1. Could you state the number of Å between the C-alpha centres of segment A:147-212 and segment B:38-59?
2. Defining a contact as two alpha carbons under 8 Å apart and six or more residues distant in sequence, what relative contact order in percent does chain A show?
3. Order of A:Trp277, B:Trp31, B:Trp135 from fewest to most other C-beta atoms within 10 Å?
4. Using Cα pairs closer than 8 Å and at least 6 residues apart in sequence, work out the relative contact order for segment B:66-176, in percent.
5. Which of the lysines could a cross-linker span from A:Lys77 if the Cα-Cα distance has to be under 18 Å and same-chain partners fewer than 8 positions apart are dropped?
6. So what is the orientation-averaged projected area of the protein assembly as shown, using the convex hull of its C-alpha atoms, in nm²?
7. Once R0 is set to 25 Å, what does the formula 1/(1 + (r/R0)^6) return for the Cβ-Cβ distance between B:Ser132 and A:Gln275, expressed as a FRET efficiency to the nearest 0.05?
8. In the protein assembly as shown, if the dipole is taken from +1 on Lys/Arg beta carbons and -1 on Asp/Glu beta carbons about the Cα centre, which of B:Phe71, B:Ile93, B:Ile155 is farthest to the positive end?
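Derivation of every value follows stated rules applied to the coordinates shown; laboratory data play no part. These numbers were taken from a predicted model, which means no experiment stands behind them. All Cβ positions, even for glycine, are placed from backbone atoms using ideal geometry, and neighbour counts span all protein chains on display.
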Amino acid sequence: MLKLFKLLGNKRLFVILIALVMFIALMGFTLGPRATLSWPEKFLRDTVGFAQNIFYKPAGYVAGLFKDIGNMRETYKENEKLKVALAQYTREKANYNFMEEENKSLKESLHFTKAQMEKFDYSYHIAQVISVNSDTVNRSLVIDLGERDGVKVGQSVISIKGLVGVISHVSNFTSTVKLITTMDAKDPNSNGIAATSMNNHQTFGIIESYDDATQMLLMTQIKQTDPIKKDDMIVSLGDTDKYPRGLIIGKVKSVQESKFGKTKTATIEPEAEFQDWKQLFVVFTPEVQQ
Amino acid sequence: MMVRKQVLVLLLFLLFIIEGTIIPWLLPVSWQNVIMPNLVFIVLLFVSVYHHRHTALVLGIIFGMLHDVVFYGEMIGTYSLVMGFSTYIMGFIFRAPRAPMPLMMTVVILGSLLFDSMLFAIYRVFSLTQVSYDWNLLHHILPDLVVHFVFGLIIYVPLRKQLEKIARREKKEKAA
């Protein structure tokens, strides 16, 4: 025992031990969900965010320029395709307008409350990515919308192609986006996404983990009788408050029996590309009166 | 002349900013999700060997904390702990202010391995990742090592010169 005390008498060792304990305590404390950040954190994030803002955009432009030159040849083909898509879109738009009007009048005649009617009126706010954390486990982005713009923790962030992540922390002028590639069933902070197929709403499953090795999302708890099949487009169902309805997640790559045999599991290839970040959209859901 | 030291810290901050903003654009697309270059850490390894490990420890904790707070995804403190600890340990083992280039490159390699492994260990302990160490070693740590090594080679000559100038000044001040 005396020897142990002597060893602890060594000041350096003592300091190292204390520091280690403090760090582990800090990590444990910050791991759980936190409502708001303290002001030193906010200050630091906003200051650094300002500096990053200056660098990221020009770098993106220069890199984008080279890429654009590379893509010049594909432009013609792409243009052709877009024209076809646009024509189809205009045709469907007319149809859509009729349906929406009908829907609205039906809702009115059924005496929907205001909150119920506006439940799916999402607005999309454009955000500029200002820096990227390349840490492969704890992947996050910083965007230039913050508390001042009304961003809240838990809002979904999408790119043009599909769901990208969730706002994890907000400071005054910037906020951090946690990518869906960090989703993990064992992680206390991440929430599963209730998902369905775009064309067949019979499908139901929960996406709650991402496989780093194959770069696929896993959709679990699908019933045996489920009509899910390969190449189905999977979108969020929006039953919970966490994720809005109809965000595109990805395409089904394969469907197999789950480990326990009662349900099926689908691997889903994320639609969003997790690289070359430029503009993203934060999805604002209408305020729910408590 | 303490200005040189302050300029060094300022350059470190600039490097930190560049790491998050410009480096992702420079990497080839297929590498963007593979490597996580931590250039500030490599510079701190140089500081630790050629200057003093305590300076590197303090700078490591500060810049690690900066990284943690700015990219706050899961928790605060991982980078701070890992950067401070591994720069200190590397400086502690290789106490050679006149280390030649091969030795310094060994420090960079070992330091990079230690850094990424420790980071992975912490994430694993808090069960933020489920992949095995072998897989991580092959897919993230080794590619990382290559990038760190190349960066170490690039900055070796200018950085060592500056650090030695600082050391010489300090010696002179002590003598006076």
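1. 37
2. 17
3. Fewest-to-most Cβ neighbours within 10 Å comes out as B:Trp135, B:Trp31, A:Trp277.
4. With pairs under 8 Å counted, the relative contact order is 25 percent.
5. Answer for A:Lys77, where 18 Å is the Cα cut-off: A:Lys67, listed by chain and number.
6. In nm², the orientation-averaged hull projection of the protein assembly as shown is 29.9.
7. In this case the efficiency is close to 0.50.
8. B:Ile93
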